[in-house]
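Trainee: Could you have a look at this structure, given as structure tokens, before my questions?
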Protein chains: 2
Amino acid sequence: MDLFLSTFEHRIDKKGRLSVPAPFRSVLERRRDPLYLFKSLTEPCLEGCGPERIGQIVDAIDAMDSLSAEVATLHTMLSSAQEMKLDAEGRIMLNADFIAFAELDDAALYAGIGRSFQIWLPDRYRSREAEARARAKTTGLPSLRLGRTHQPPAENGGS
Amino acid sequence: MDLFLSTFEHRIDKKGRLSVPAPFRSVLERRRDPLYLFKSLTEPCLEGCGPERIGQIVDAIDAMDSLSAEVATLHTMLSSAQEMKLDAEGRIMLNADFIAFAELDDAALYAGIGRSFQIWLPDRYRSREAEARARAKTTGLPSLRLGRTHQPPAENGGS
DNA sequence: TGGGATATTATGGGATATCATGGGAACTTA
DNA sequence: TAAGTTCCCATGATATCCCATAATATCCCA
């Protein structure tokens, strides 16, 4: 399974173009997947994914009560989603809405998180990362102590 | 699967003409589908789709108790539906009924929601989107974990 | 194992095509 | 005939294509 991993910081040029990191591109090319971006529902960043995720949302909507608030939430995801076309150099063009939402200016940081990746304002990402590590030290310790049964973050032995 | 995604804001000119976003047009052209518009049942907006969606509604009606109130509701969708002809530049003309129903004046916002799209008064759409995002932050994501393990709001499985 | 040759990558800029939009003129229809 | 609509063309903005370049990574062969 090939995954989106590591972080990359790239410049956004005057025309609004942004290179997709070569390792991410080769993951997509290997699967012949187009790239979709959408605005995160929970954080000030963009999310990148393949078509499977988009198809899931579409199918979930069709299966749901169209009057529910959940459908409205899913509509929001779809109406912010966009298939990104890469130019010959592997760049995408971010529209004004995307740039404003993630508050980007002249640079963007890609953070690979496995099956998907995020695009952040670089400084904001770094401070969030620092916060996350600090949080892990305080709130992570107690949960490690009582851990024995069904724990999501429990894999190979313990580390 | 080509879908209607993303949002586009276009002007309605003095003659009442409105451009259909080029990406939406190319979805329809690829399928050689005409475009249908009808008044939404649930919101003050117009819905746009191809003929297969209209067919689904017709089939749903045929499968229901023809005396039920739901059938009467679905009839409303069909009777407001209209095949839109595009001019050479890819524009449609909205009739007065459509404009009044969605309360449009000199601009319209297209919101792609997968197999169909909506047309909104731009400001109204944006406030609804803000509400939906606020709701998503507190309530969380609708259940999208079809079969898989629960994941953060993006993933990218192989296809 | 070096170290030059080659390929890849990120980035920039000019030229070209596409798109949204506007307006005039011909046409339809009531 | 008058109002509205359709056809056609013009235009500015913007996205896309194509090429250039510098920096880095990879390859290759002695």
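The values are calculated or read from the model by the stated rules, or taken from the named source; none is laboratory data. All of these numbers come straight from a predicted model, not from anything done at the bench. As a convention, Cβ positions derive from the backbone with ideal geometry for all residues, glycine included, and neighbour counts pool all protein chains shown. Ligands, DNA and RNA are excluded from the accessible area calculation, which covers all protein heavy atoms including side chains. Shrake-Rupley method; radii C 1.70, N 1.55, O 1.52, S 1.80 Å.
Trainee: Filter segment A:32-42 for residues that are facing chain B (nearest Cβ under 9 Å) and more than 16 Å from B:GLU129 (Cβ to Cβ) and give the result.
Mentor: To start, the set of residues in segment A:32-42 that are facing chain B (nearest Cβ under 9 Å) comprises A:32-33, A:36, A:38-42.
Once the filter is applied, which keeps residues that are facing chain B (nearest Cβ under 9 Å) and more than 16 Å from B:GLU129 (Cβ to Cβ), segment A:32-42 yields A:ARG32, A:ASP33, A:TYR36.
Trainee: May I pose another question? Among (1) more than 10 Å from DNA strand C (Cβ to nearest atom); (2) in a loop (DSSP other than H, G, I, E, B); (3) farther than 27 Å from A:SER127 by Cα, where does A:GLU43 come up short?
Mentor: (3)
Trainee: Still on this structure: Determine, yes or no, whether A:ALA69 is under 17 Å from B:GLU129 (Cβ atoms) and either of a type outside the set (D, E, K, R) or modelled with pLDDT under 95 (or both). Talk me through it step by step, then tell me what you get.
Mentor: Details: under 17 Å from B:GLU129 (Cβ atoms): yes; either of a type outside the set (D, E, K, R) or modelled with pLDDT under 95 (or both): yes.
Judged against the criteria, A:ALA69 is a match.
Trainee: Here are the criteria: (1) open to solvent by less than 50 Å² (accessible area, probe 1.4 Å); (2) among the charged types (D, E, K, R); (3) under 15 Å from the mean Cα position of the chain (by Cα). Tell me which single one B:ARG133 does not satisfy.
Mentor: (3)
Trainee: Can you pull out every residue in segment A:1-29 that is open to solvent by 50 Å² or more (accessible area, probe 1.4 Å), in a helix (DSSP H, G or I) and either within 13 Å of DNA strand D (Cβ to nearest atom) or in contact with a strand residue (DSSP E or B) (Cβ under 6 Å, 6 or more places away or on another chain) (or both)?
Mentor: Answer for segment A:1-29, where residues must be open to solvent by 50 Å² or more (accessible area, probe 1.4 Å), in a helix (DSSP H, G or I) and either within 13 Å of DNA strand D (Cβ to nearest atom) or in contact with a strand residue (DSSP E or B) (Cβ under 6 Å, 6 or more places away or on another chain) (or both): A:ALA22, A:PRO23.
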